[in-house]
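Right, one structure below, let's go through it.
FYI, it's all coordinate maths here, none of it is from the lab. In this text, all values refer to a predicted model and were calculated from it rather than measured experimentally. Backbone-built Cβ (ideal geometry, glycine too); neighbour counts: all protein chains shown.
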Amino acid sequence: MKIYKFGGSSVKDAAAIKRVSNIILSQDRCGVVVVSATKNTTNELEMIAKSSSLSEENLTSSLIHSLFNRHREIARELELDIELSIFELETELRTVSSSMNGEGEVSPSKMDSLYSFGERLSSLILSRYLQTVSTKNVILKDVREVLVTNDHWNLAAPLIGETSQAINKWGELTEKDLVITQGFIGSTVSGQTTTLGREGSDFSATLLGEVLHASEVTIWTDVAGVATCDPRVIKKAKFINNLNYKHAALLAHFGAKVLFERTLEPAIRKKFPVLVKSTLLPSEVGTSIHELPLKEGPVGIAIEDNVVTVVGESLLSKSVKFPFDAIRVHEIERQTDEFVSLKFSNEDIESAVEELHDWVLESLHN
Ligand code: ADP
Ligand code: ASP
Ligand code: MG
């Protein structure tokens, strides 16, 4: 059984939902689909929480109105008759939002309850659309029944033992079943809603992969894999077809946003591959992250603020020659055989990223 995860931009509107549905339909062995909130919804939920806590009632109401109308519009374009379910979610959200009214600051536990509506809405729409186009038994499941976490609000840690037990609540999934569920959210042992951290849906997918013994997990996003650098920053960045778990985890840790930091932990424990592919270009091979023999030299770079981290193998070996004559490093933050973090001034960072990236590509060719 395979698990597919779709990010917010992959489900941002009706056309995008049709696109991901085609991808799902083309794959017989996909048994579970994990979905993020539609693009920008989670940010809007934060705005709702803020305005509600400041008692800005008109603003709160109009933000809620516009968020729900956007989802109603998607449902209308997909010709889905789900107004009752959307209305129920809206009523519930208004209750949570009202309970924040006038508190001044947003309570982290209430924020988690509010966050849940983004993924609950997107999974509702995707599941109901798939019911109209798939021959499989499409079931919408609330991931909070099975994904158990501690109560570290807004950045909860999964409890694997409890989650492995709780997954039995979903019963035996047959090849005919297609479960649609939410990323990002979970629940404490006592049933309170939690979240795994912003961008955490990737982690939900691999956690479910672990407890459901999936053969692989595919992270479907808006780029065709993990590249040697963020392709939005460096146009000539190259997608890496095969990437070691460790290198992918380090890239994510040091700022490669394509994967949530903890995504690979369950995959490393259970040794299943994680694929990264593009919903816009599904026939591109993408990146397969798995156990691989490690070769000396750089693999890619990640950027966070003014720090550029080169990730690779045996980076401190004499034969690995960083282009230090071409860049002006402000400070070497940390260097190990597996990563070297370099800090640059605002004026030097752009050219340094280019130089370092050119050097990575050159090294990969040699
Ligand atoms: P999703 O909403 O699908 O989770 P994200 O925006 O979280 O998508 O992640 C995809 C983005 O990650 C890409 O659009 C890209 O700009 C960024 N990114 C950063 N570093 C890398 C990298 N090394 N390879 C690919 N994408 C990267
Ligand atoms: N919707 C959540 C966020 O925007 C989780 C995710 O998309 O992975 O942070
Ligand atoms: Mg993401």
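Values computed for the structure shown
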item: Some residue of segment 112-125 being surrounded by fewer than 17 Cβ atoms within 10 Å (Cβ to Cβ) and either of a type in the set (S, T, N, Q) or in a loop (DSSP other than H, G, I, E, B) (or both); result: no
item: Enumeration of residues in segment 313-346 that are part of a loop (DSSP other than H, G, I, E, B), among the β-branched types (Val, Ile, Thr) and under 16 Å from residue 247 (Cβ atoms); result: 320, 336
item: Per-region count, segment 228-242, residues surrounded by fewer than 24 Cβ atoms within 10 Å (Cβ to Cβ) and within 11 Å of ligand 1 (Cβ to nearest atom); result: 10
item: Per-region count, segment 331-346, residues touching a Lys or Arg at 6+ places or on another chain (Cβ under 9 Å) and surrounded by fewer than 16 Cβ atoms within 10 Å (Cβ to Cβ); result: 4
item: Of residues in segment 20-43 being more than 17 Å from the chain's Cα centre (by Cα) and buried (at least 18 other Cβ atoms within 10 Å of the Cβ), the one nearest to residue 109 (Cα to Cα); result: 31
item: Criterion (under 18 Å from residue 36 (Cα atoms), within 14 Å of ligand 3 (Cβ to nearest atom) and not small (Gly, Ala, Ser)) met by exactly one of 280, 259; result: 259
item: Positions within segment 163-204 being within 15 Å of ligand 1 (Cβ to nearest atom) and at positive phi, in sequence order; result: 184, 197, 199
item: Qualifying residues in segment 277-317 (those that are more than 23 Å from the chain's Cα centre (by Cα) and among the hydrophobic types (A, V, I, L, M, F, W, C)) - the one farthest from residue 215 (Cα to Cα); result: 316
item: Some residue of segment 287-295 being crowded, with 22+ Cβ neighbours inside 10 Å, under 30 Å from residue 24 (Cα atoms) and in contact (Cβ under 8 Å) with a residue 24 or more places away in the chain; result: yes
item: Output for segment 193-218, where each listed residue is within 13 Å of ligand 2 (Cβ to nearest atom) and either of a type in the set (A, V, I, L, M) or without any contact (Cβ under 8 Å) to a residue 60 or more places away in the chain (or both); result: 196, 205, 207
